[in-house]
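The values are calculated or read from the model by the stated rules, or taken from the named source; none is laboratory data. The shown structure was predicted, so the numbers you read here are calculated from the model rather than taken from an experiment. Cβ placement follows ideal geometry from the backbone for every residue including glycine, while neighbour counts extend to all protein chains displayed. The area values use the complete protein model at the heavy-atom level, side chains included, leaving out ligands, DNA and RNA. Shrake-Rupley method; radii C 1.70, N 1.55, O 1.52, S 1.80 Å.
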Amino acid sequence: MPAIRVFEPALCCNTGVCGPELDQSLVDFTADLTHLQTQGVDIARHNLANDPMAFASDESARAFLQVAGSDGLPLTLVDGVTVMTGTYPSRAQLLRFAGIADEQPVTPAGAVGLVMLDASTDAAGECGCGPEGCS
C-alpha cells in the first residue's frame, strides 16, 4: 500500500478548532485522515510548527519549501511523488491515492432498501407485456 504524507503549514493545532474561527477544511481533513488510518492506510501528516524535522528529512518536502515556500503548503506526497499542493486532498482523493475503491453508501441498521418501480413494471420487475401486447 502506498505511503501518503501531508506536509502542512505552521498551525497551532491540526484539528481546525483551536483558533477564533473554525477552519472547516482542517476539520474535514482530520476526519478523513482518521478514517483512512482505521482502514490500515499508511498516512501521516506533518505540521511545520511542531514537526520541522519531518520537512528537513524528506527530500521532496525540503525541496518544495525551498522553491515554493510555506505559502505553497499543504503538500501531499504519495511514495515521495508530489500529487497535490496548496490544498488538502478530499476523502475521495485520499482513497484513490491509497488504491482503495470509493466507498459504497452504507444502509443504516434497521433500514429497509426500497426498489423503485415505474408504472410500466410490476412487483417482479416485469413490464406486463405478453404475446397479445402490453397491458
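A few points about this structure:
- Carbon/sulfur fraction of accessible area - the range 1-86, other protein chains in place, 1.4 Å, %: 53 percent
- Rg/Rh for the range 1-76 stands at 0.98; both radii use Cα atoms, and Rh follows the Kirkwood definition.
- Taking every protein chain into account, the accessible area of the range 1-101 amounts to 52 square angstrom per residue (probe 1.4 Å).
- Solvent-accessible surface (1.4 Å probe) assigned to Val83 amounts to roughly 60 Å².
- Taking amide H atoms as placed 1.01 Å from N in the peptide plane, the amide H of Arg45 lies under 5 Å from those of Val6, each 5 or more residues away in sequence or on another chain.
- Placing R0 at 35 angstrom, the Cβ-Cβ distance between Thr38 and Glu132 gives a FRET efficiency of 0.05 after rounding to 0.05.
- Extension gain for Ala10-Val81 works out to 23.4 nm (0.36 nm per residue, less the C-alpha to C-alpha distance).
- Gain on full extension, evaluated as 0.36 nm per residue between Arg96 and Ala49 minus their Cα-Cα distance, stands at 14.1 nm.
- In order along the range 49-66, phi translates into HN-Hα couplings of 6, 10, 9, x, 5, 5, 5, 5, 8, 9, 4, 5, 5, 4, 5, 4, 4, 5 Hz, rounded to whole numbers, per the Karplus curve 6.51 cos²θ - 1.76 cosθ + 1.60 with θ = phi - 60° and x for Gly and Pro.
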